[in-house]
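Undergrad: Pasting a structure here, questions to come.
Derivation of every value follows stated rules applied to the coordinates shown; laboratory data play no part. Please read all numbers here as calculations on a predicted model, not as lab measurements. Glycine also receives a Cβ, built like all others from the backbone with ideal geometry; neighbour counts cover every protein chain displayed.
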Amino acid sequence: MKIVVCIKQVPATSDAKIDPETKRIVREGIKAVTNPFDAYALEEAVRIKERLGAEVIALTMGPPRADMVLREAIAVGADRGILLSDRAFGGSDTWATSYALSKAVERIGGVDLVLCGKQAIDGDTAQVGPGIAAQLGWAQATYVMAMPQVDEGSFTAKRMHEDGWDLCRIAFPAVVTVVKDLNQPRIPTLKGRLAAQKVEIPTWTAADVGADLSKIGLDGSPTRVVKTEPPPARNKETLRIEGSAADCAAALVRELRQKSLV
Amino acid sequence: MLANTPALRAEYRNVWVVAEVSGGKVQKVTWELLGAARRLADARSCELWCVALGDGVSKETAAIHGYGADVALIVDDSRLARFDDEAEAAALVRLIGKYRPEILVCAATTRGRALIPRVAVTSNSGLTADCTGLAIDPESGDLLQTRPAFGGNIMATIRSANHRPQMATVRPRVMNALDFDPARKGQSISEGLLEGESGAFKTVLEVFHDEENPVNLSDARFIVAGGRGVKGAEGFKLLRKLADAVGGAVGASRAAVDSGWVPYNHQVGQTGQTVQATVYVACGISGQIQHLVGMQSCDYIVAIDKNPDTPMMRLADAAVVGDLYEIIPAMLAELART
Ligand SMILES: Cc1cc2nc3c(=O)[nH]c(=O)nc-3n(C[C@H](O)[C@H](O)[C@H](O)COP(=O)(O)OP(=O)(O)OC[C@H]3O[C@@H](n4cnc5c(N)ncnc54)[C@H](O)[C@@H]3O)c2cc1C
Ligand SMILES: Cc1cc2nc3c(=O)[nH]c(=O)nc-3n(C[C@H](O)[C@H](O)[C@H](O)COP(=O)(O)OP(=O)(O)OC[C@H]3O[C@@H](n4cnc5c(N)ncnc54)[C@H](O)[C@@H]3O)c2cc1C
């Protein structure tokens, strides 16, 4: 079996601070890390490999330094990494990103399963996973919280919904996007980390994967961000309520009632 | 489709809302979407259509009209009883090709966010995720779509000038439904599912609706959320009581979920869900960044914590200093006292 795990490099929120004026989060100049959901996708791929035998390939599209997230993936058990990097990919929206990643999956060849995170914590769209499935014309399962059965030809996926879950059976090839409930990712060993530093990571360009230049980058993207602005600032005043429990509760309920919130 | 000339753009007319259907019933968020889409259709002087795919959805036609749609486009088929996203996507792509809507919106739910990206890629359209604002640009007539990104830290306005239909998923609870008007009548069109569209990719084996312990954080007006300070599964029963008293849902921090006190589908934050409730009561949640990005867009935030100086206490509109095991029972008593 051949499994591709799509990994996005995102800004690390752990370094972010709250602006005391606007009460919003500031995240200037912070380092890049693996998108948190993608760690669960990778862990699942490595577990399938350990159970059934598989080749696990970590794939990222990004700037040259994005090779770092691939090395981390190799440190926890991916067999190799591929960096999709080309100026021509710059400014890609989810349509163009899913197209570019699907071209890389085709170039890898013989892939049974593509695993993605549910969502990237920066772009926040959750559109790339199902987008890749659509580009390839493959089956999809999103918000997957468990993959109870995986065999050579097919698998079952438990999908999370607002009001519960469902369980479906899907034949390979397929794209699966995962949530945190799926597993508990392992921590790479120091030895694994060191070994991963030495691995050769090939860079593929748009031409390498045979991407149609009219379908990638800013020009190949149907959507355009035309404006960005900070969200409205939160109320700066905090109403502080202290005293006995009964007094606190009375004051809080009074406040909520006054604002017609209860 | 690529529609980069006025002539090509003019081939696309009308605003579509794709209904959120669960168990054959159209969900409340659809009425919110119809309310917002009605304004768009009026601004574009065109019709508002509601597309409902599911098993038994033809029973919903009157409601669809009553909430503002001019046309109900119904695909009622028992093969759609369970969520087969590839089948729904195939049918939608076909109907889009046939009727050519200019705008298509759908709820940003787990179903909508599975279905519409597939539809958008296949029909070569732009798609904006999780919108909280929709407006028509008076100059170009294009749809301006506003959405939070970076965990609610930035509001981006997005436009698809050269592709039709323009597609967006919309966050539940941010748009207002019109009042239901039983006298409102409209047209209805019935379409079928083609051979090969359903069951081609997946078989749904089992469906579980959590009736006893409803979660639905995205739809909740009031959320009572607990963190490590709740100290155990027992404590969440107290939170549930408060939630029930105010008609709300129960949320949780990752610390509470990872301790096994509540299931993952209650988790709010970066690796859980993003919520947009009117009131969010954080009980024993310190307010680490990864939690805040999931709830900072709530209108009114209450923090209850023993420690007066946590990030959550500083962020909150009302910060109650005290032991949640004393405060919450006192609140229940106060609420019961009318
Ligand atoms: C403020 C802002 C708003 C935006 N809004 C939209 C919008 O509404 N619609 C739109 O089409 N585009 C939008 N974009 C562009 C979009 O963020 C990029 O296309 C981005 O490359 C992919 O989207 P995402 O981060 O939302 O990924 P998601 O779809 O949330 O990512 C899901 C999964 O896909 C995989 N994945 C995603 N990107 C990569 C990658 N580069 N390499 C490897 N795997 C990857 C990962 O497994 C990830 O967990 C926006 C960009 C900005 C800056
Ligand atoms: C990649 C990544 C992703 C993450 N994603 C998420 C996420 O999605 N959601 C999330 O929540 N976290 C997430 N986290 C974890 C986050 O960083 C925090 O660890 C977590 O939110 C802390 O939970 P907490 O506030 O409940 O616990 P704590 O920080 O321990 O806070 C407990 C609070 O309870 C108070 N308390 C204790 N006893 C009482 C009492 N009797 N009465 C009143 N108050 C009391 C304490 O004073 C304290 O303020 C993520 C972390 C990482 C690294």
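Undergrad: For the range B:218-266, list log₁₀ I(q)/I(0) at each q in 0.13, 0.14, 0.21 Å⁻¹, using the Debye formula over Cα point scatterers of equal strength and ignoring solvent, two decimals each.
TA: Cα-only, vacuum Debye calculation for the range B:218-266: -0.24, -0.28, -0.63.
Undergrad: Just to compare against my own numbers: the Cα pair-distance distribution for the range B:292-333, 10 Å bins, whole % per bin, please.
TA: That works out to 29, 49, 22, 0, in percent per bin.
Undergrad: Please give, to one decimal in nm, the separation of the simple spin-label points placed at B:Lys241 and B:Asp299, each 7 Å out from Cα toward the Cβ.
TA: With each label point 7 Å from Cα toward Cβ, the separation is 2.8 nm.
Undergrad: Relative to 2.2 N^0.38 Å, what does the C-alpha radius of gyration of the range B:69-114 come to as a ratio? Two decimals please.
TA: 1.21
Undergrad: When 1/r is averaged over all different Cα pairs and the result inverted, which Kirkwood radius in Å belongs to the protein assembly as shown?
TA: 24.8 Å
Undergrad: Expressed in whole Å with the largest first, what are the equivalent ellipsoid semi-axes of the range A:33-84 derived from the C-alpha gyration tensor as the square root of 5 times each eigenvalue?
TA: Values for the range A:33-84, descending: 20, 11, 8 Å.
Undergrad: Here's a follow-up. Could you grab the relative contact order for chain B? Cα pairs under 8 Å, six or more apart, rounded to a whole percent.
TA: Normalised by residue count, the contact order of chain B is 15 percent.
Undergrad: Further question: Going by average Cβ neighbours within 10 Å, how do the peptides A:147-155, B:7-15, B:161-169 rank, with the highest at the top?
TA: Highest-to-lowest ranking by the protection proxy: B:161-169, B:7-15, A:147-155.
Undergrad: Given a cut-off of 37 Å, what percent of all Cα-Cα pairs of chain B lie beyond it?
TA: 25 percent
Undergrad: Counting other beta carbons within 10 Å of each residue's own, what order do B:Ile285, B:Ile96 fall into, fewest first?
TA: Going from sparsest to densest Cβ surroundings: B:Ile96, B:Ile285.
Undergrad: What fraction of the DSSP beta bridges in the range A:2-215 is antiparallel, stated in percent and rounded to the nearest 5?
TA: Beta bridges within the range A:2-215, antiparallel portion: roughly 40 percent.
Undergrad: Report, as a whole number in µm² per second, the diffusion coefficient that Stokes-Einstein gives for the range B:33-103 at 4 °C and 1.567 mPa s using the Kirkwood radius over alpha carbon pairs.
TA: 100 µm²/s
Undergrad: If you don't mind, another one. Just need the Rg to Rh number for the range B:218-303, please, alpha carbons only, Kirkwood Rh.
TA: A ratio of 0.91.
Undergrad: Taking 0.36 nm per residue of sequence separation and subtracting the Cα-Cα distance, how much length would be gained by fully extending the chain between A:Leu52 and A:Ala207, in nm to one decimal? If you can, show how the numbers build up before the last one.
TA: Values: separation 155, 0.36 × 155 = 55.80 nm, distance 3.40 nm.
So the chain would gain 52.4 nm between A:Leu52 and A:Ala207.
Undergrad: On to the next question. Stokes-Einstein at 20 °C, 1.002 mPa s, Kirkwood radius from Cα pairs: D for the range A:126-262 in µm² s⁻¹? Could the numbers behind the result be given before it?
TA: Details: Rh = 21.5 Å.
Approximately 100 µm²/s, per Stokes-Einstein.
Undergrad: Evaluate the relative contact order of chain A (contact order divided by residue number), counting alpha-carbon pairs under 8 angstrom at least 6 apart; express in whole percent. Before the final figure, lay out the partial values.
TA: Details: 495 pairs, mean separation 59.9, N = 262.
For chain A, the relative contact order is 23 percent.
Undergrad: To continue, here is another question. May I ask you to derive the FRET efficiency for A:Ala195 and B:His209 from their Cβ-Cβ distance with R0 = 41 Å, giving the value to the nearest 0.05?
TA: According to the calculation, E is roughly 0.30.
Undergrad: Hey, another quick one. Would you work out the relative contact order for the range B:222-337, in percent, from Cα pairs under 8 angstrom that are 6 or more residues apart?
TA: 24 percent
Undergrad: Also, quick follow-up: List A:Lys227, A:Lys158 from most exposed to least, where exposure is judged by having the fewest other Cβ atoms within 10 Å.
TA: Numbers: A:Lys227 11, A:Lys158 20.
Going from least to most buried by this count: A:Lys227, A:Lys158.
Undergrad: Right, here's the next one. Roughly how many nanometres apart are two label points built 7 Å out from the Cα toward the Cβ at B:Arg184 and A:Glu152?
TA: About 5.7 nm separates the two model spin labels.
Undergrad: Still on this structure, I have one more. Say R0 is 60 Å: what FRET efficiency, to the nearest 0.05, do B:Glu195 and A:Ser244 get from their beta-carbon distance?
TA: 0.30
Undergrad: So, one more: Mind grabbing the base-10 log of I(q)/I(0) for the range B:6-191 at q = 0.12, 0.13, 0.17, 0.20 Å⁻¹? Debye formula, identical points on the C-alpha positions, no solvent, two decimal places.
TA: The calculated log intensity ratios at q = 0.12, 0.13, 0.17, 0.20 Å⁻¹ are -0.50, -0.59, -1.06, -1.51.
Undergrad: For a Förster distance of 45 Å, can you work out the FRET efficiency between the beta-carbons of B:Glu326 and A:Lys31, rounded to the nearest 0.05?
TA: That pair, B:Glu326 with A:Lys31, gives E of 0.60.
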